[in-house]
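Rule-based calculations on the coordinates, nothing more; no lab input. These numbers were taken from a predicted model, which means no experiment stands behind them. Cβ coordinates were reconstructed from backbone atoms using ideal geometry, including for glycine residues, and neighbour counts include every protein chain displayed.
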Amino acid sequence: MKIILKKEVAGLGEAGDVVEVKSGYALNYLIPQGFAVMGTRSALKQHEETLRQRAHKEAKLVADAEALAAKIAAVPVKVTVKVAESGKLYGSVTAAQVADVLAQAGFEVEKRHISLPEIKEAGEYEGSVKVYKAISAAIKVAVVAENAPAEEAPAAEPAE
């Protein structure tokens with residue numbers, strides 16, 4: 001018996017899959033529990049139309065996400081932090097700080113979508129921002145010392 005899964009069923013398939021199962025399993029368990037609907041000719045036709053529309057929407061979402069990823073990758077991310085004399089940061093640069101910099105540039109990104117290496121010193125680092133499913137933007141994070149030592153000017157000699 002053909003059925004259309006409404007929810008994921010372990011060992012059977014994902015939501016939206018059309019699968020063949022024994023009629024007793026479908027009629028006594030899957031359909032009454034709301035995991036599936038019967039795969040009648042009209043239900044299958046409606047399911048195909050739904051999949052076609054979903055694929056069209058998905059293609060648009062992917063195109064928009066790729067454009068957004070390109071814009072985010074072009075944004076310079078500069079984080080200014082306090083640095084000890086040894087060159088180590090007080091603390092570390094976090095995804096929240098990078099999200100704040102991106103928000104100032106006009107991109108609302110959740111900090112949980114930003115992945116960074118462990119940053120403990122000033123310098124340039126590579127990270128990524130997840131935009132949509134498998135689409136992510138590569139970003140360069142420049143960590144700059146707030147209290148960077150200024151070059152010392154030579155002492156002026158007293159005039160005679």
- request: Return one number: the angle in degrees, 0 to 90 and rounded to the nearest 10, between the long axis of the Cα atoms of helix 41-74 and the longest principal axis of the Cα atoms of the chain.
  value: 10 degrees
field: Sequence-distant lysines (8 or more away, or on other chains) whose Cα lies within less than 16 Å of residue 22
entry: 2
task: List the chymotrypsin sites (Phe, Trp or Tyr not before Pro) within the range 1-103 that fall in a DSSP loop (any state other than H, G, I, E or B) and whose Cβ has at most 11 other Cβ atoms within 10 Å.
output: 90
- prompt: Expressed as a rounded percentage, what relative contact order does the range 67-145 have, with Cα pairs under 8 Å and six or more residues apart?
  reply: 38 percent
- line: The long-range amide H neighbours of residue 119, using H built 1.01 Å from N in the peptide plane and a cut-off of under 5 Å, are 93
Using alpha carbons only: equivalent-ellipsoid semi-axes of the range 67-145, gyration tensor based, whole Å: 23, 11, 10
- prompt: Based on Cβ point charges of +1 for Lys and Arg and -1 for Asp and Glu, what charge dipole magnitude is obtained for the range 67-145 about its Cα centre, in debye rounded to the nearest 20?
  reply: 160 debye
task: Could you tell me which GluC sites (Glu not before Pro) in the range 1-95 are loop residues by DSSP with no more than 12 other beta carbons within 10 angstrom of their beta carbon?
output: 8, 14, 85
task: Please identify, among 117, 32, 76, the residue showing maximal mean-square fluctuation in a Gaussian network model of the chain using a 10 angstrom Cα cutoff.
output: 32
message: Counting C-alpha atoms alone, how compact is the chain: give Rg to one decimal and Dmax as a whole number, in angstrom.
response: 27.6, 109
- prompt: When only Cα pairs under 8 Å and 6 or more residues apart are kept, what is the percent relative contact order across the chain?
  reply: 18 percent
task: For the chain, with a Gaussian network of springs between Cα atoms less than 10 Å apart, report the residue from 137, 65, 145 with the top mean-square fluctuation.
output: 145
field: Value at 222 nm in deg cm²/dmol, rounded to 500, when DSSP H runs of n ≥ 4 in the chain each add -39,500 (n - 2.57)
entry: -9500 deg cm²/dmol
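I need the trypsin sites (Lys or Arg not before Pro) found in the range 82-143, filtered to DSSP loop residues with at most 11 other beta carbons within 10 Å of theirs. Let's see the in-between values first.
Details: sites: 82, 88, 111, 112, 120, 130, 133, 140; in loops: 82, 120, 133.
For trypsin sites (Lys or Arg not before Pro) across the range 82-143 that sit outside H, G, I, E and B with at most 11 neighbouring Cβ atoms in 10 Å, the list reads 82, 133.
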